[in-house]
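For reference, the structure discussed in these notes is given below.
The values are calculated or read from the model by the stated rules, or taken from the named source; none is laboratory data. None of the values given here were measured: they were computed from a predicted structure. Counting neighbours? That spans all protein chains shown, and the Cβs are built from the backbone with ideal geometry, glycine included. Areas reflect the complete protein model, heavy atoms only, side chains present, ligands, DNA and RNA absent. Shrake-Rupley method; radii C 1.70, N 1.55, O 1.52, S 1.80 Å.
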Amino acid sequence: MSAETGAVAGQLGHGLLLTLEMTGLAFAGALVLGVVLAVFRISPVPPLRLAGAGYVTAFRNIPLLVLLVLFVFGLPEIGLLYPLLTTVTLTMALYWAAFVCEVVRSGIRTVPVGQVEAARALGLTFFETLQYVVVPQAMRSMVQPLGNVFIGLALGTSLGAAVGVPELTGQAQFVTLKYDNPLTSFAATTAVYVVITLSSGLIAGRIERKVAIRR
């Protein structure tokens, strides 16, 4: 292995680690916030339903790149200074939470209304009905769509390069400028994204089968 090849591999490896870190943290944040938003959207309290619907409508209709530029360059203008990686990861979590919300809400809607009414007749509260009746049954239908959200988020981290994050795509751009070898660097980057996508799909499929067996 030549010194140049080793340097390219090292830089792309660093970018991959940063991509995986951003993906994991952003998905965790999106999952937590998305579940909260889904609860808002099915809540019997009208203001909560309105707030959840407004959030989802707003974030699903704004391109992620626009949000990244707005947060990265807009927050310092109003005196809010955060590390670049933190800002980008948080923005992605806020954006993808809207999609997680719709996945969770759609999964909940697959549960027959009669079972929810039976739970209420037994005296279960709204949250107890969700915990013990609705969510366990809705889980199977949510696994694969959540896997798709994860894949979309992982691929979406490449937009971080547009605002200066040295993740995988950003490192590929840097390598291209430094060594003037775009074919090799972007071919390797493409292969890595394919591996991430296929691996995520396989893992989601296995989780879905395990959830189905438990039912």
Scope region 12-53; condition more than 25 Å from Phe150 (Cβ to Cβ) and open to solvent by less than 50 Å² (accessible area, probe 1.4 Å); matching residues: Ser43
Answer from Thr19, Thr5, Thr89, Thr23 - the residue that is closer than 22 Å to Val195 by Cα, assigned to a helix (DSSP H, G or I), free of Cβ contacts under 8 Å to residues at least 60 places away in the same chain and touching a helix residue (DSSP H, G or I) at 6+ places or on another chain (Cβ under 9 Å): Thr5
Ile196 more than 26 Å from Val69 (Cβ to Cβ), touching a Leu at 6+ places or on another chain (Cβ under 9 Å) and open to solvent by less than 50 Å² (accessible area, probe 1.4 Å): no
Residues of region 66-94 satisfying the condition of being polar (S, T, N, Q) and crowded, with 19+ Cβ neighbours inside 10 Å: Thr87, Thr89, Thr91
Set Gly6, Gly15: member being in contact with an Asp or Glu (Cβ under 6 Å, 6 or more places away or on another chain), modelled with pLDDT under 95 and at negative phi: Gly15
Every residue from region 95-134 that is aliphatic (A, V, I, L, M) and crowded, with 17+ Cβ neighbours inside 10 Å: Ala97, Ala98, Val100, Val103, Val104, Ile108, Val111, Val116, Ala119, Leu130, Val133, Val134
Residues (open to solvent by less than 40 Å² (accessible area, probe 1.4 Å), closer than 20 Å to Val100 by Cα, of a type in the set (A, V, I, L, M) and free of Cβ contacts under 8 Å to residues at least 60 places away in the same chain) located in region 146-174: Ile151
